[in-house]
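The values are calculated or read from the model by the stated rules, or taken from the named source; none is laboratory data. Here the structure is a predicted model, which means the values were calculated and not measured. We place every Cβ from the backbone using ideal geometry, glycine too, and count neighbours over all the protein chains shown.
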Amino acid sequence: MSRRPRFRLRLTGRGKARLGAHREARSHDARPSEQGGTPARSALAGAESQPGSSAAVKVEEELRARNEFIQTILDNLPIGLAVHNIEDGTASYGNAKFLEIYGWTEADVTNVESFFEHVYPDPAYREKIQTRVMLDMASGDPEAMCWSGMEATRKDGSKRIIEARNIPLFEQGLMISTVTDITEKTRQQEKILQLERQVHLAQRLESVGRLAGGIAHDFNNLLTVVSSYAELALGSLSEGDPLRADLAQILEAADRGSRLTKHLLAISRRQVLEPKIIDLNANLDSLNPMLRR
């Protein structure tokens, strides 16, 4: 939002009274006393008390320049800033960044009630935010008047994650509200958390792989013993012995177990996985005698 907001900061209540008292005291000090006073001071007092005099014009120009300086700073702050009356909630100022972050015009957020209705359109979420804000403000603790991670809805329907803080000026009856857009920061933090979860998962899988590799190595040693004894038994039997078929199944099962351990070792990265083309029918046929039993 490039245009400057029409809201302007103004002193109210005790702030204005204090300013008036200050000026009155200066005029009183500038007057000569009943017992006599310097001509220079009397002349200065007379010049300041006369509208249009050179001294009064100079003071007015200095005040105007100072106000313009402060106004320029407020209008161009990198954070959003707004001022509203504590008693009735009416807004008296909102800088360009405040309206840009929330995505509403000053005509849409003329008071606290309209602000909440527009920025938090969902009734349940709005009630939650209002309750939280009011309780923290009622505490009177400035440290409690800071809220982060709230989701604000803009006029175009887009969502922004904001961090807001309220600064009460009870003597003037004003509440200063600041806001920072932390949407990108929040997204970056979520990406970092996601990457950390992925790293944690990879570490867990690596641990499982190491465990699987150790088990596969021990299991392969057992299969070697089984295969060796089966081959010895098979060699001691005659060609027509019916036990030869059983021993052949044992050797076949041991061979499949050995191939399985190679897969486990590949998962644990202890052995390079070498894909190759297999005959699926031949593999199924080899299982047929065992399945029939």
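Please tell me if ILE79 is surrounded by 11 or more Cβ atoms within 10 Å (Cβ to Cβ), within 12 Å of SER177 (Cα to Cα) and of a type in the set (A, V, I, L, M).
Numbers: surrounded by 11 or more Cβ atoms within 10 Å (Cβ to Cβ): yes; within 12 Å of SER177 (Cα to Cα): yes; of a type in the set (A, V, I, L, M): yes.
Taking the combined requirement at face value, the residue satisfies it.
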Near pairs, Cβ below 9 angstrom, 6+ apart or cross-chain, from segment 82-95 (within 17 Å of MET137 (Cα to Cα) and in contact (Cβ under 8 Å) with a residue 24 or more places away in the chain) to any residue that is surrounded by fewer than 21 Cβ atoms within 10 Å (Cβ to Cβ) and of a type in the set (Asp, Glu): GLY89/GLU113
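Have a look at GLN188, GLN198 and point out the one that is surrounded by fewer than 17 Cβ atoms within 10 Å (Cβ to Cβ), out of contact with any Cys (no Cβ under 9 Å at 6 or more places or on another chain) and over 30 Å from ALA82 (Cβ atoms). Spell out the reasoning first.
Working: GLN188 fails: over 30 Å from ALA82 (Cβ atoms).
That would be GLN198, the only listed residue that is surrounded by fewer than 17 Cβ atoms within 10 Å (Cβ to Cβ), out of contact with any Cys (no Cβ under 9 Å at 6 or more places or on another chain) and over 30 Å from ALA82 (Cβ atoms).
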Name, by its number, the condition in (1) charged (D, E, K, R); (2) farther than 30 Å from LEU81 by Cα; (3) crowded, with 16+ Cβ neighbours inside 10 Å that does not hold for GLU163. (2)
Could you tell me whether ALA164 is small (Gly, Ala, Ser), at pLDDT 90 or above and assigned to a strand (DSSP E or B)? yes
On the given criteria, is TYR93 crowded, with 16+ Cβ neighbours inside 10 Å and closer than 20 Å to ILE182 by Cβ? no
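Within segment 138-163, track down each residue that is of a type outside the set (Gly, Ala, Ser) and more than 25 Å from PRO78 (Cα to Cα). Before you say what the answer is, go through the steps one by one.
We begin by selecting, within segment 138-163, every residue of a type outside the set (Gly, Ala, Ser); these are 141-143, 145-147, 150-151, 153-156, 159-163.
Correct list: ASP141 only.
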Answer yes or no: is there a residue in segment 179-190 that is touching a Phe, Trp or Tyr at 6+ places or on another chain (Cβ under 8 Å) and among the β-branched types (Val, Ile, Thr). yes
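Among the candidates VAL208, VAL226, which residue alone is in contact with a helix residue (DSSP H, G or I) (Cβ under 9 Å, 6 or more places away or on another chain), among the β-branched types (Val, Ile, Thr) and free of Cβ contacts under 8 Å to residues at least 24 places away in the same chain?
It is VAL208.
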Would you mind telling me which numbered condition in (1) within 24 Å of SER92 (Cα to Cα); (2) in contact (Cβ under 8 Å) with a residue 24 or more places away in the chain; (3) buried (at least 17 other Cβ atoms within 10 Å of the Cβ) ILE182 fails? (1)
Boolean, GLY149 is on the phi > 0 side of the Ramachandran plot and either outside any loop (DSSP other than H, G, I, E, B) or in contact with a helix residue (DSSP H, G or I) (Cβ under 8 Å, 6 or more places away or on another chain) (or both): yes
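Considering every residue within segment 103-119, establish whether at least one is surrounded by 11 or more Cβ atoms within 10 Å (Cβ to Cβ) and over 22 Å from THR90 (Cα atoms).
Step one: filter segment 103-119 for residues surrounded by 11 or more Cβ atoms within 10 Å (Cβ to Cβ), giving 103-106, 108-119.
Imposing the further condition that a residue be over 22 Å from THR90 (Cα atoms) reduces the set to none.
Looking for residues that are surrounded by 11 or more Cβ atoms within 10 Å (Cβ to Cβ) and over 22 Å from THR90 (Cα atoms), one finds none in segment 103-119, hence no.
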Quick check: is even one residue across segment 155-173 in contact with a strand residue (DSSP E or B) (Cβ under 8 Å, 6 or more places away or on another chain) and of a type in the set (Ser, Thr, Tyr)? no
